[in-house]
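Undergrad: What follows is a single structure, and I will ask about it in a moment.
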Amino acid sequence: MVDAVKVLFFKKEATYATDAAPTGAVNAALTRNFTAKPVVVDRIQRNLDRPVRGSSKDAPSNERQTYGYELELAGSGAAGTAPAWMEHLEACGMAAPVLTANTSAVQRFAAIGALLSSATAYHWHGTQKRVGLGGRGTFSWDFTAGQYPFIKIDMTALLPAAGAITDAAPGAVAFDQWKDPVEVNTANTDFLLGGFAANLRSFTGEANAEITPRNLVGANYINRGNHGLTCRVLAECPTIGAKDYFTTLRKGDEIPVQLDHGTTPGNILQFKSDHLQITDIELSDENNVLMISITGKLNVGTTPDDLIITAK
């Protein structure tokens, strides 16, 4: 029997698909809802002609693993120090955060031509240990009123030649780098969409990064292709005089969106884009209050500015 206790060690690689040897003392991630598929394979079909009915033996190919989890969003505890979850976003195509001492850590997507990060992961259910190398992935975020904010990470990784799945206990772990989040509410959170302070129910989004295993002669790796950020805002519907999002949709204009969360230095976060283009609007009823659901794209300008995340 294997216990369903879940543990993840996660570390940025110095060289692609070379084991970065994460440890529980430094690299343990405080996850929620961790899931894993330790072995994923394609099938080589032979389609042999035989004198009997039935299937023919095939063979596995292009082996890899997938795993996913959520991380609560909080600061590092010290302005100018990056929160631990920013390392996970690096493996999803974002650049390393730019640090300003005692002030901020700012992260955006990596520029064209930049070497994209990858990660080594050791993960467990009980004492069943799995190793993933060269991991890359995509992510989403969720700020919902009355809840803690979080990001969801979905990773794909290569399997090592040996020791991909073994029996081994994770040992002691430390979560000192993971700070407590604060609730999304009026006291902690400010939200602007097109310069208007909407009464927000939720602000969610997805990177939609293209993650593809590449299986070639001479090269085997997880490719991180393009991404196309999408988001959804659910809020109380303003009067047309206060803010007319319908006209914004009809014109195809881009508008800024900004969420600031937290009040204590070291635990303040900002998610920001100046290029939200509304693609759809739906209306609904919540407790006899008209709600507006705005779906949009976060476009890019001439620099990687479709999403800028700041911890300060």
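Undergrad: Return the calculated 222 nm mean residue ellipticity for the chain, to the nearest 500 deg cm²/dmol, obtained by summing -39500 (n - 2.57) across DSSP H runs with n ≥ 4 and dividing by the residue count. Don't jump to the answer; show the numbers that get you there.
TA: Working: 2 runs with 13 residues, N = 312.
About -1000 deg cm²/dmol.
Undergrad: Sequence gap of 8 or more, or different chains, plus Cα separation below 21 Å: how many lysine pairs satisfy both in the chain?
TA: 24
Undergrad: Roughly speaking, to the nearest percent, how much of the range 156-266's 1.4 Å accessible area is carbon and sulfur? Spell out each step's value before the answer.
TA: Details: 2940 of 5970 Å².
Result for the range 156-266: 49 percent of the exposed heavy-atom area is carbon or sulfur.
Undergrad: Rank these residues by their accessible area, most exposed first, probe 1.4 Å: Arg108, Arg130, Arg43.
TA: From most accessible down to least: Arg43, Arg108, Arg130.
Undergrad: Sort out for me the Cα centre separation of the range 1-74 from the range 139-215, rounded to whole Å.
TA: The range 1-74 and the range 139-215 have Cα centres separated by 19 Å.
Undergrad: Let me ask another. How big is the range 166-241 in terms of Cα radius of gyration and Dmax, in angstroms?
TA: Rg, Dmax (Cα atoms, Å): 21.2, 64.
Undergrad: Something else about it: Rounded if a/c is under 1.5, else prolate if a/b beats b/c, else oblate: with a ≥ b ≥ c from the C-alpha gyration tensor eigenvalues square-rooted, which is the range 249-312?
TA: Cα axes put the range 249-312 in the oblate bin.
Undergrad: Next question, about the same structure. Just by accessible area at a 1.4 angstrom probe, what is the order of Glu72, Glu63 from largest to smallest? Walk me through the intermediate numbers first.
TA: Working: Glu72 50, Glu63 100 Å².
Putting Glu72, Glu63 in descending order of accessible area: Glu63, Glu72.
The values are calculated or read from the model by the stated rules, or taken from the named source; none is laboratory data. What you see is a predicted model, and the numbers here were worked out from it, not measured in a lab. Surface accessibility is based on the protein's heavy atoms, side chains included, excluding ligands, DNA and RNA. Shrake-Rupley method; radii C 1.70, N 1.55, O 1.52, S 1.80 Å.
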